[in-house]
Amino acid sequence: MKLWRKPFDVADKAPKPVTVHINVDRCKGCGYCAEFCPRGVLKMTDELSPRGYNLVKIFDQSKCLGCSLCQAMCPEFGIYVTTEEKQEEPMTHAER
């Protein structure tokens with residue numbers, strides 16, 4: 001659907017860039033985060049953690065929605081999502 005004008009709140013509604021962080025010391029390789037990721041950003045690998053469990057790996061960070069479902073599903077609190085806030089540039093008189 002193409003809009004004839006740009007909505008006023010388009011900057012507020014735009015997805016913000018997010019980063020997924022995995023704490024390999026806490027990960028037990030249960031795979032809940034990879035299973036419930038709606039975009040398939042996380043995948044299980046054959047790589048072992050220091051505790052001997054299979055690890056989760058981030059395959060495509062750019063596809064992440066920032067929904068934090070992986071963070072909510074992790075029973076060991078081994079994964080978390082951070083949002084990178086962009087600095088707003090002040091509007092010039094010509095833009096107003």
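The values are calculated or read from the model by the stated rules, or taken from the named source; none is laboratory data. These numbers were taken from a predicted model, which means no experiment stands behind them. We place every Cβ from the backbone using ideal geometry, glycine too, and count neighbours over all the protein chains shown.
Filtered by the rule that a residue be modelled with pLDDT under 90 and among the basic types (Lys, Arg), the range 47-62 gives a lone residue, ARG51. Count of the range 1-36 residues, restricted to those that are within 17 Å of THR83 (Cα to Cα), of a type in the set (A, V, I, L, M, F, W, C) and surrounded by 10 or more Cβ atoms within 10 Å (Cβ to Cβ), is 4. For PHE77, the criteria (1) modelled with pLDDT under 90; (2) part of a loop (DSSP other than H, G, I, E, B) hold in every case but one, which is (1). Among the residues of the range 24-46, at least one is assigned to a loop (DSSP other than H, G, I, E, B), of a type in the set (Lys, Arg), at pLDDT 80 or above and within 18 Å of the chain's Cα centre (by Cα).
Of all residues in the range 37-51, how many are loosely packed, with under 13 Cβ neighbours inside 10 Å and of a type in the set (A, V, I, L, M, F, W, C)? So the count comes out to 1. Counting only residues that are surrounded by fewer than 12 Cβ atoms within 10 Å (Cβ to Cβ) and in a loop (DSSP other than H, G, I, E, B), the range 52-67 holds 2 of them.
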